[in-house]
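The values are calculated or read from the model by the stated rules, or taken from the named source; none is laboratory data. A quick note: this is a predicted structure, and the numbers were derived from the prediction, not measured. No Cβ is skipped: glycine too gets one built from the backbone with ideal geometry, and neighbour counts run over all protein chains shown. Keep in mind that these areas ignore ligands, DNA and RNA; they rest on the heavy atoms of the full protein, side chains included. Shrake-Rupley method; radii C 1.70, N 1.55, O 1.52, S 1.80 Å.
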Amino acid sequence: MKIAIANDHHGIELKGKIINYFLKNNIEYVNLGCDEENNVDYVDYAKALCDSIKSGETNYGILICGTGIGMSIAANKVKGVRSASVTNEYCAEFTRRHNDLNVLCLGGRTLGIEVAKRIVDIFLNTPFDGGRHLKRVEMYESNE
């Protein structure tokens, strides 16, 4: 499994801490985000990450902006991407189990690192339930 991670200028600090978490847990990743505090457009970073998933270069993605909401909106415009701004462990679990979430969006200004690490861990380790939920995911795909 290879994870893409990208961010805008509001997500630099949280991205760095998540990358440290990846390194400690031997998680393969690619950094597609910005590393400078200059104001940038999050949409460009969301697109780069989504393109890496669509191409098969990466399996899942994590996007970070101030709240996670803007990144989620941008990512959901890309066919085949299912993203959500997640703020707690329960939502992390059920967006994977029921929605087959493949792009996790986090808020660099709204989440502490310990909660963010637990959300990332749940996102990466919770399987999709399939079954009745597969039909709904297929419906998302057919509406694009």
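Rounded, prolate or oblate for the range 77-116? Axes are the square roots of the Cα gyration tensor eigenvalues, ordered a ≥ b ≥ c, and the cut-off for rounded is a/c under 1.5. The shape class here is oblate. Only protein heavy atoms count here; under a 1.4 Å probe, R118 has an accessible surface of about 110 Å².
Annotation: lysines with alpha-carbon distance below 19 angstrom to K2 (same-chain offsets under eight excluded): K15, K17, K24, K47, K54, K117.
Using a 1.4 Å probe on the protein chains only, how many percent of the accessible area of the chain belongs to carbon and sulfur? Exposed carbon and sulfur together represent 48 percent of the surface.
Looking at the chain as a GNM with Cα springs under 10 Å, which of Y42, Y90, Y29 has the largest mean-square fluctuation? Result: Y90 has the largest fluctuation of those listed. Taking every DSSP helix (H) stretch of at least 4 residues in the chain, weighting each as -39,500 (n - 2.57) and dividing the sum by the residue count yields a mean residue ellipticity at 222 nm of -14500 deg cm²/dmol. Looking at the chain, the accessible area is 51 square angstrom per residue; that uses a 1.4 Å probe and ignores ligands, DNA and RNA.
Accessible area per residue was computed with a 1.4 Å probe on protein heavy atoms; H133 scores about 10 Å². Helix 42-55 and the long axis of the chain differ in direction by around 50°, with both axes built from C-alpha atoms. Taking the C-alpha atoms only, the angle from helix 12-24 to the longest principal axis of the chain is near 70 degrees. Rounded is the label for the range 1-100. Its Cα gyration tensor axes, ordered a ≥ b ≥ c, give a/c under 1.5. A Förster distance of 30 Å, applied to the separation of the beta-carbon atoms of Y21 and R132, puts the FRET efficiency at 0.35. Accessible-area rank, largest first, for K54, K77, K17: K77, K54, K17, with all protein chains present and a 1.4 angstrom probe.
For the set C65, C91, the ranking by accessible area, highest first and with no ligand, DNA or RNA atoms included, is C91, C65 under a 1.4 Å probe.
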